[in-house]
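The values are calculated or read from the model by the stated rules, or taken from the named source; none is laboratory data. Everything quoted here is computed from the prediction, not taken from an experiment. Quick reminder, even Gly has a Cβ in these numbers, built from the backbone with ideal geometry, and neighbours come from all protein chains shown. Accessible surface areas use protein heavy atoms only, side chains included; no ligands, DNA or RNA. Shrake-Rupley method; radii C 1.70, N 1.55, O 1.52, S 1.80 Å.
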Amino acid sequence: MRAAANAADVAEGRFVQGVCVKVLPSAAAAERHVAALFAEQLRRKPDSVLGLATGGTPVGVYRALVAAHRAGEADLGRARTFNLDEYAGLAPDHPQSYAAYMRQHLFDHVNLPPERTHLPDGGVADAAVACRLYDALYRHYGPADLQLLGIGLNGHIGFNEPGFAPAPGGTHVVRLDESTRQANARFFGAGETVPEYALTMSAGRIMQARSIVLLATGAAKAAIVARALEGPIGTDCPASLLQLHPDATVVLDREAAGELAPERG
Ligand code: PGA
């Protein structure tokens, strides 16, 4: 496959309520564009702290970043990574854990030292303790220079579900929305249940990242993308908080951009 495109190749984004929005012709192009932003970040600052996400959307980003790494365009040897979240009760060696996902899609294929890849540990019996440990690490090494986000069908970022309560402690335990558990059931086998609880970085921690790039692809995300970018800022749509961030970019394919108001002027 093609290595990540040069991010500068892509037309400049437009601004929607303070957020830079870039619409690419296809999901693959959007994924390559986001991977190119990460490769550029690593060239600018080799010891970058990268904020990473899981789910269906980032898979193509990691594929493109691995390709860029193999092409000599992305050196992760001095980088450090922090993931947004993990399922409570799934230890890092559990095949459905986000730790396993990250090894499968990225960590096993690039030169990131394993000791500099961080996720909340879903296997610790007292999840609140795991959250505190993770948050202390993030406060020490963070914030992320560049944070990757997806967006849930309900507007969540990380596992900060609609109507979330502010969590002054940063990383914390949350109960997943039924809609999130249903959306994620596709990653679990027959007879397996999606955990009810997760450990997630708070929206406040996410907003501390120096730059944020949210990727959404596909028509199913079009309505929530429009709500997040054009609607009021509120916890009923956690992704709408991006409107408050000084350096947030939303990368979309045409389908995910399908319900945005037409460009004026
Ligand atoms: P998805 O999840 O990429 O699997 O749609 C996005 C999210 O929940 O943030």
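Computed in the context of the full set of protein chains, the accessible area of the chain at 1.4 Å probe radius has 52% of its extent on carbon or sulfur.
For ARG254, the amide hydrogen comes within under 5 Å of the amide hydrogens of LEU24, SER26, counting only partners 5 or more places away or on other chains and with H modelled in the peptide plane.
For region 30-115, the solvent-accessible area with a 1.4 angstrom probe is 37 square angstrom per residue. Between the C-alpha center of region 188-251 and that of region 104-172 there is a gap of 13 Å.
Between the listed residues HIS94, GLN208, PHE164, the Cα displaced farthest toward the positive end of the dipole of region 17-241, a dipole computed from Cβ unit charges relative to the Cα centre, is found at GLN208. Solvent exposure of region 167-265 amounts to 47 Å² per residue of accessible area, where only protein heavy atoms count and the probe is 1.4 Å. To the nearest 10, the accessible area of VAL124 is 50 Å² with a 1.4 Å probe. Listed peptides 73-79, 188-194, 208-214 appear in the order 208-214, 73-79, 188-194 once ranked by packing, highest mean of other Cβ atoms within 10 Å at the front.
Among VAL66, PRO114, LEU84, whose Cα lies farthest out toward the positive end of the dipole of the chain, if unit charges sit on the beta carbon of Lys, Arg (+1) and Asp, Glu (-1)? Working it through, the farthest residue towards the positive pole turns out to be VAL66. Classify region 114-265: rounded, prolate or oblate, from the alpha-carbon gyration tensor (a ≥ b ≥ c, eigenvalue square roots; a/c under 1.5 rounded; otherwise prolate if a/b is larger than b/c)? Here region 114-265 falls in the oblate category. Computing Rg and the Kirkwood Rh from the Cα coordinates of the chain gives a ratio, Rg/Rh, of 0.94.
Placing +1 on each Lys and Arg Cβ and -1 on each Asp and Glu Cβ, with no other charges, gives the chain a dipole about its Cα centre of roughly 560 debye. Under the rule a/c < 1.5 gives rounded, and otherwise a/b versus b/c splits prolate from oblate, where does region 23-93 land using the Cα gyration tensor? Note, shape of region 23-93 comes out oblate.
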